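Structure first, then comments.
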Amino acid sequence: MNGDMGDEALALAEHWLERARPDRALDALSRVTGEQAVSRRAFRIRALAHHLADEDQAAVDIARTGLASHGPDTGLLGVLAQALADLGRTAEAERACLDGLTLDPHHVWLLCTYAKLCGFAGQHDKARQLLARAAAEEPEARAVIHTRAVLAIARGDHEEAQRIVSAMLAADPDDAGAHALRGLAASHRGDATTAYAGFRAAAAGNPQNRHVVEAARTLKVANHWLLRPLRPFQRFSTFQVWITAVLIQFGLRAVGLGVVAAPLTVAWLAFCAYSWIAPPVVRLLFRKGLLR
């Protein structure tokens, strides 16, 4: 393959990455040969494609091979940080971010990645400062908008998260990442119906992402009509539901309605038993194809 054709294939791969289609990006990359196939740019694309395909260990290995071959690189360090974070290796992810920001303190993607790490670690002030630095460089960058939504979810600002995600989907209704954020935001506020719709659309747009596909499957089960009585457990913690039921029963007895409290107690115990038995039974029926 000559240089021009190689450049076209690399550009096509980058296009598919922007559309959150890592499978097509890797297919385009497979047509690149020679020195271009092991170039810094190719390593970046390959590592990011595997990360978007939810193959984070492969992304880590590819990014580190690229760094060993080509030396320090902010793009490869950014992918390395993201993949390590998704693997739960937070300290290594932070090290990759700091190494990248030493090379380029204004690198938007690295600043956003570091901000998300801090946000999910509960360091909200630091996360806001990092995001502000990224926004000062490229206020309309997709990474900045995406990170703003993630940080809103992390700190429990559901209205802000919903506003940002709605704007992202209005700009691009096929944005798989925005649909995943919609699902994540809805799940955090206990809205299983909207969460399922978001993750289902994200899975359709990026079927290689195992976590998104699994979330869609789990929420499909949770939204089945047999489990609708358990919706309170999706919106509130088990303790909140339990203490509310106990307080109602004590309140009824306190006002002389013990005759009403007794059947409510029986109903509550039956509901608890249903909450323990029904979910695994429904999941089993889905796996066997007996429910859809």
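The values are calculated or read from the model by the stated rules, or taken from the named source; none is laboratory data. What you are looking at is a predicted structure, and each value in this text was computed from that prediction instead of being measured. Neighbour counts are summed over all protein chains in view; Cβ atoms, including those assigned to glycine, are modelled from backbone coordinates with ideal geometry. We work out accessible area using only protein heavy atoms, side chains counted, and drop any ligands, DNA or RNA first. Shrake-Rupley method; radii C 1.70, N 1.55, O 1.52, S 1.80 Å.
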Whether any residue in segment 86-95 is of a type in the set (S, T, Y) and crowded, with 16+ Cβ neighbours inside 10 Å is what I want to check. no
List the residue pairs whose Cβ atoms are under 8 Å apart, where the first residue sits in segment 212-230 and is in contact (Cβ under 8 Å) with a residue 60 or more places away in the chain and open to solvent by less than 40 Å² (accessible area, probe 1.4 Å), the second is aromatic (F, W, Y) and in a helix (DSSP H, G or I), and the two are 6 or more positions apart or on different chains. V212/F199; V221/F286; H224/F286
Scope segment 53-66; condition among the aliphatic types (A, V, I, L, M) and more than 16 Å from T113 (Cβ to Cβ); matching residues: A53, A58, I62
Is there a residue being free of Cβ contacts under 8 Å to residues at least 24 places away in the same chain, hydrophobic (A, V, I, L, M, F, W, C) and part of a helix (DSSP H, G or I) anywhere in segment 70-80? no
Which residue pairs have Cβ atoms under 8 Å apart, sit 6 or more places apart or on different chains, and have a first residue in segment 140-164 that is without any contact (Cβ under 8 Å) to a residue 40 or more places away in the chain and within 17 Å of Q129 (Cβ to Cβ) and a second that is open to solvent by 70 Å² or more (accessible area, probe 1.4 Å) and outside any loop (DSSP other than H, G, I, E, B)? L151/R128; A154/F120
Scan segment 56-65 and tell me whether some residue there is over 16 Å from P22 (Cβ atoms) and buried (at least 24 other Cβ atoms within 10 Å of the Cβ). no
Condition set crowded, with 20+ Cβ neighbours inside 10 Å and closer than 18 Å to V213 by Cα, scope segment 18-54, selection nearest to the chain's Cα centre (by Cα): answer is L52
Being touching a residue at least 12 places away in the same chain (Cβ under 8 Å) and open to solvent by 50 Å² or more (accessible area, probe 1.4 Å) is the filter; apply it to segment 168-186 and report the residue that is nearest to the chain's Cα centre (by Cα). L184
Is segment 280-289 home to any residue that is at pLDDT below 75 and of a type in the set (F, W, Y)? no
List, please: which pairs have Cβ atoms under 6 Å, are six or more places apart or on different chains, and start with a residue in segment 265-292 that is aromatic (F, W, Y) and end with one that is surrounded by 14 or more Cβ atoms within 10 Å (Cβ to Cβ)? W268/A245; F286/V221
Exactly one of Q123, Q82 is of a type outside the set (A, V, I, L, M, F, W, C), surrounded by 24 or more Cβ atoms within 10 Å (Cβ to Cβ) and under 20 Å from the mean Cα position of the chain (by Cα), and that one is Q82
Lone unmet requirement of (1) open to solvent by 70 Å² or more (accessible area, probe 1.4 Å); (2) modelled with pLDDT of 95 or more for L98: (1)
Here are some residues: L103, L131, L110. Which one is surrounded by fewer than 22 Cβ atoms within 10 Å (Cβ to Cβ), of a type in the set (A, V, I, L, M, F, W, C) and more than 16 Å from the chain's Cα centre (by Cα)? L103
